[in-house]
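Inspection log for the structure reproduced underneath, given as structure tokens.
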Amino acid sequence: QVQLVESGGGLVQAGGSLRLSCAASGSIFRIEDMGWYRQGPGKQRELVAVISSGGRTSYADSVKGRFTISRDNAKNTVYLQMNSLNPEDTALYYCNGQIRRGWGLPANDYWGQGTQVTVSS
């Protein structure tokens, strides 16, 4: 089994910052891309940021310059530093990992349970 557990969400005022963490555990051989997605009220889930195993990053236009994704491969952990938060960032944030459970096996998608981020105006 593989588990992804997020932490770090909460309530913050507009202009504030939060740092999300997501730790993967279990039967893991290798983690490829790791990313953060979010789903706001009445909206579809959207990609926020993704980071490859080599550290290459990509961001949604709406968060460029404000959010930073990073990872610690030794700890199987991905982070999302969120600065200059605004009410439009309010959402349930999900961690995703493309994880291989053994040599030669495909990388499958695994998801965390989500952590709520609420930004007040």
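Looking at the chain, the accessible area is 53 square angstrom per residue; that uses a 1.4 Å probe and ignores ligands, DNA and RNA.
Computed from the C-alpha gyration tensor, the three semi-axes of the ellipsoid equivalent to region 53-121 are 27, 14, 10 Å, from longest to shortest. Approximating the spin labels as points 7 Å out from Cα along Cα→Cβ, the residue 86-to-residue 58 distance works out to 2.4 nm. By accessible area, using a 1.4 Å probe on protein heavy atoms only, the chain has 46% of its surface on carbon and sulfur.
Ranking 16, 1, 31 by how far each Cα lies toward the positive end of the dipole of region 1-46 (charges on Cβ) leaves 16 at the top. In vacuum, with every alpha carbon of region 1-88 counted as one equal point scatterer, what does the Debye formula give for log10 I(q)/I(0) at q = 0.11, 0.22 Å⁻¹? Two decimals, please. The Debye formula, applied to the Cα set alone, gives -0.32, -1.16. Taking 0.36 nm per residue of separation and subtracting the Cα-Cα distance, full extension of the segment from residue 46 to residue 27 would add 4.1 nm.
The values are calculated or read from the model by the stated rules, or taken from the named source; none is laboratory data. Owing to the predicted nature of the structure, the values given are computational and were not obtained by experimental measurement. All Cβ positions, glycine included, derive from the backbone under ideal geometry; neighbour counts span all protein chains shown. Ligands, DNA and RNA are stripped out before the accessible areas are found, and what is left, the full protein with its side chains, is counted by its heavy atoms. Shrake-Rupley method; radii C 1.70, N 1.55, O 1.52, S 1.80 Å.
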